[in-house]
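The values are calculated or read from the model by the stated rules, or taken from the named source; none is laboratory data. This one's a predicted model, so the numbers in the text were calculated from it and none came from an experiment. So basically every Cβ, Gly included, is an ideal-geometry build from the backbone, and we count neighbours across all protein chains shown.
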Amino acid sequence: MTVKNENQIVLPDELISNKIYLIRNKKVMLDRDLADLYGVLTGNLNKAVKRNIKRFPGDFMFRLTKEEFDNLIFQFGTSSWGGTRRLPYAFTEQGVAMLSGILNSDRAINVNIQIMRIFTKIREMLTDNLSLKLEIEEIKKKIKNQDKNIELVFSYLDELIEKQENPKPRKQIGFKTKAN
């Protein structure tokens with residue numbers, strides 16, 4: 001479902017975020033999905049990339065291996081890719097940003113902006129989760145320290161109770177009278 005808003009194409013965020021995969025421990029988007037979002041043929045997208053290949057080093061774009069591609073298809077149950085002749089390219093966030101420099105249609109520019117915002121949201125969510133985990137760990141440490149402190153308090157209380165129950169005879173001090 002595409003919504004047009006004053007010459008801007010707005011796609012649902014879920015549509016885009018569902019096309020971001022974790023491959024080789026990197027968040028990536030596949031050439032086919034990007035071409036679909038941009039409204040171009042996958043072959044035309046890849047031709048534009050090949051004409052500007054210097055803009056796409058290995059950390060911006062890489063081709064999936066057969067195993068990675070088969071695993072990706074397996075995750076979705078059935079192949080929605082049909083009969084692909086070549087393994088797809090995967091674009092990292094930086095690679096998607098670089099695509100904005102070689103695709104100049106209004107749709108591609110607007111969709112690219114939206115994709116960048118979603119990548120940013122995902123990064124913020126991961127950062128928020130990390131800070132939340134750190135806070136939880138800090139609370140755990142405090143609780144462990146409090147447990148130790150409570151044990152110490154109870155051991156002191158036990159010592160005080162023992163001293164009250166078994167008082168040691170105290171030597172009297174002071175002046176002695178002849179009656180003593």
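Mind listing whichever residues of the stretch 163-180 are exposed (fewer than 10 other Cβ atoms within 10 Å of the Cβ), part of a helix (DSSP H, G or I) and charged (D, E, K, R)? Passing the criteria: only 165.
Could you tell me whether any residue of the stretch 117-137 is modelled with pLDDT of 80 or more, part of a loop (DSSP other than H, G, I, E, B) and in contact with a helix residue (DSSP H, G or I) (Cβ under 8 Å, 6 or more places away or on another chain)? No: zero hits. Where strands (runs of 3 or more DSSP E) fall entirely within the stretch 17-69, those with at least 1 residues that are touching a Gly at 6+ places or on another chain (Cβ under 6 Å) and either modelled with pLDDT of 90 or more or loosely packed, with under 12 Cβ neighbours inside 10 Å (or both) are at 61-63.
Inspection of the stretch 158-176 finds no residue satisfying the criterion of being free of Cβ contacts under 8 Å to residues at least 24 places away in the same chain and either hydroxyl-bearing (Ser, Thr, Tyr) or closer than 30 Å to residue 19 by Cβ (or both). Is it true that some residue in the stretch 114-128 is in contact (Cβ under 8 Å) with a residue 24 or more places away in the chain, surrounded by 10 or more Cβ atoms within 10 Å (Cβ to Cβ), farther than 19 Å from residue 22 by Cβ and not aromatic (Phe, Trp, Tyr)? Yes: one or more hits. Scanning the stretch 70-111 for residues that are at pLDDT 80 or above, within 17 Å of residue 44 (Cβ to Cβ) and among the β-branched types (Val, Ile, Thr) returns 96, 102, 111.
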